[in-house]
1. Is it the case that the stretch 58-65 has a residue that's surrounded by 20 or more Cβ atoms within 10 Å (Cβ to Cβ), at pLDDT 80 or above and over 25 Å from Phe180 (Cα atoms)?
2. So which residues in the stretch 95-118 are within 15 Å of Gly189 (Cβ to Cβ) and at pLDDT below 75, if there are any at all?
3. Which members of the stretch 131-164 meet the condition of being of a type in the set (Ser, Thr, Tyr) and modelled with pLDDT under 90?
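The values are calculated or read from the model by the stated rules, or taken from the named source; none is laboratory data. Only a predicted model underlies this, so the values are computations on that prediction, with no experimental measurement involved. Positions of Cβ are backbone-derived with ideal geometry, glycine not excepted, and every protein chain shown enters the neighbour counts.
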Amino acid sequence: MQEYLQAVAAIVAITSPLDKIPVFLGITENLSTRDRMRSVLTVMIASGVILVGAVFVGRTFLGLFGISLPAFQTAGGLVLILVGLEMLHGEPTRIQTPRSNLEEVEDSLLVPLTVPLFAGPGAISTVITLSISSQDAGAFPGPALVGVLMTILLIGIALSAAVPLSQILNQRIQKIIIRFLGLILLSIGFQLGLSGVATFFK
């Protein structure tokens, strides 16, 4: 039981669903409540597919392309740095640009919300590490799988809560929050990138 709780805590901590609410609000700013709820489902499914896939074939998939975890982590950090810089300077980004319908929003839901924020290098590395620990011990990667499923559920709850929250916060406050998030994304991006480089050269 302890292994399961540790897995859930680790994956939830690295994905941090509550922190992504302002990003979700910015991407889905011009959508109806119904389309926003559909967007929540899209993010849950996409994140679930990536993270569940990482449980079973993550290490093998990266190996096929000759990509190391540190290199993947560094690339993901660079993506966050670029998005964070644009948000910090108030320039239009995929997050801040208003979208008029669900079809136009889907790309932004996948990148950068699902990847690299929810199912990014940190989360994928964590999931792969947890699954490898179980597989190396000759056991089914149950803790990693349960951790992923619980995290996806919490992502759905957090983003669903963003829908009524957006009706309370006016657009100016939402934009201030999103720009402040740019600084957070920039910091996370540098942290991921530097950690990846340090690990690569060890």
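1. Yes, that holds for at least one residue.
2. Those that are within 15 Å of Gly189 (Cβ to Cβ) and at pLDDT below 75: Ile95, Pro112.
3. Result: Ser131, Ser133, Ser134.
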